[in-house]
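Read the figures in this text as sums done on the coordinates, not as results from a lab. Predicted model only: the values in this text are computed from it and were never measured. Methodologically, a virtual Cβ is constructed for each residue, glycine included, from the backbone with ideal geometry; neighbour enumeration extends over all protein chains shown.
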Amino acid sequence: MERKYLSAVALKREPEEEYLRQLPAVRWLAKGGQLRFSSDVAFLVGENGTGKSTLLEAVAVACGFNPEGGSKNFSFSTRETHSSLHRCISVVRQSFPRDGYFLRAESFYNVASNLDDLDGYPALSPKLLNSYGGVSLHKQSHGESFMALVEHRFGGRGLYLLDEPEAALSPRKQLELLAWIDLLVQRDSQFLIATHSPMLMAFPGAQVFQLSELGIEEVPYQETDHFQLMRAFLNCPDRLLHLLR
């Protein structure tokens, strides 16, 4: 059964920019490929440069989110760096979520700064930071601020798009994130996550879309390059390091 908030992603026309047309993920979509979501949690995985973050960003902007991250109410811009891919894709939805958020690890600092700025306006009551735990995200570590976002801001019945959330999180915190994802799925939420973390992509029942030079393929997480390389390293780190010398 297709997910109601985000059912499918397809390419309606090829982008004009050459660098976008050369991305393996975009080439695959241009040949008629589609991402179809049958699970409440889906992961985009693959090596750097295969188009994970670019594709996730395009989906987020096409769904109405601010390119630098945040909810649909965020409209700040520190520097316009997002691609035009969002104009070239179509997102299929059966209904609209009550809540939603786009997290970009690389620009979360800018989101935190914008929150502090908005929270200073006297006309805003209750204060915005109350929805994030009541403490400035700048007064917490990167990992703490991200978990505060998930624990206090994500309310359920939402579409949550996360770009490399593991960048801020220890292995223990990644396990906590998995527990929160599970809880929010039970509250009628859907997640699309770009990640390099074998721990996160092991979420039970999740779809894993592996991006490579061949395009996009749905695979079991145990067959991803990330999982196999991590398993080989943990089984025998000395041997693997010796081979790399």
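Give the residues of region 181-196 that are surrounded by fewer than 21 Cβ atoms within 10 Å (Cβ to Cβ) and either without any contact (Cβ under 8 Å) to a residue 40 or more places away in the chain or aliphatic (A, V, I, L, M) (or both), sorted by residue number.
In the first step, residues of region 181-196 are kept if they are surrounded by fewer than 21 Cβ atoms within 10 Å (Cβ to Cβ); the result is 182-183, 185-188, 196.
Result: ASP182, LEU183, VAL185, GLN186, ARG187, ASP188.
From the list PHE209, PHE191, which residue is in contact with a strand residue (DSSP E or B) (Cβ under 9 Å, 6 or more places away or on another chain) and within 20 Å of GLU151 (Cβ to Cβ)? First the steps, then the outcome.
Values: PHE209 fails: within 20 Å of GLU151 (Cβ to Cβ).
Testing whether each residue is in contact with a strand residue (DSSP E or B) (Cβ under 9 Å, 6 or more places away or on another chain) and within 20 Å of GLU151 (Cβ to Cβ) leaves just PHE191.
Of these, VAL26, VAL45, which one is out of contact with any Cys (no Cβ under 9 Å at 6 or more places or on another chain) and either of a type in the set (Val, Ile, Thr) or surrounded by 19 or more Cβ atoms within 10 Å (Cβ to Cβ) (or both)? Explain how you work it out, then say what you get.
Details: VAL26 fails: out of contact with any Cys (no Cβ under 9 Å at 6 or more places or on another chain).
When all the criteria are applied, what remains is VAL45.
Give, as residue ranges, the helices (runs of 4 or more DSSP H) completely inside region 139-245 that count at least 2 residues that are closer than 19 Å to VAL59 by Cβ. Can you show your working first?
Numbers: elements: 142-148, 171-186, 225-235, 237-244.
Per the criteria, 171-186.
If you check GLU151 against the conditions, is it under 19 Å from ARG104 (Cα atoms), surrounded by fewer than 16 Cβ atoms within 10 Å (Cβ to Cβ) and in contact (Cβ under 8 Å) with a residue 24 or more places away in the chain? Give the steps one after another, and end with the answer.
Working: under 19 Å from ARG104 (Cα atoms): yes; surrounded by fewer than 16 Cβ atoms within 10 Å (Cβ to Cβ): yes; in contact (Cβ under 8 Å) with a residue 24 or more places away in the chain: yes.
Answer is yes for this residue.
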| Which residues, counting only those in region 197-226, are touching a residue at least 12 places away in the same chain (Cβ under 8 Å) and among the aliphatic types (A, V, I, L, M)? | MET199, LEU200, MET201, ALA202, ALA206, VAL208, LEU211, LEU214, ILE216
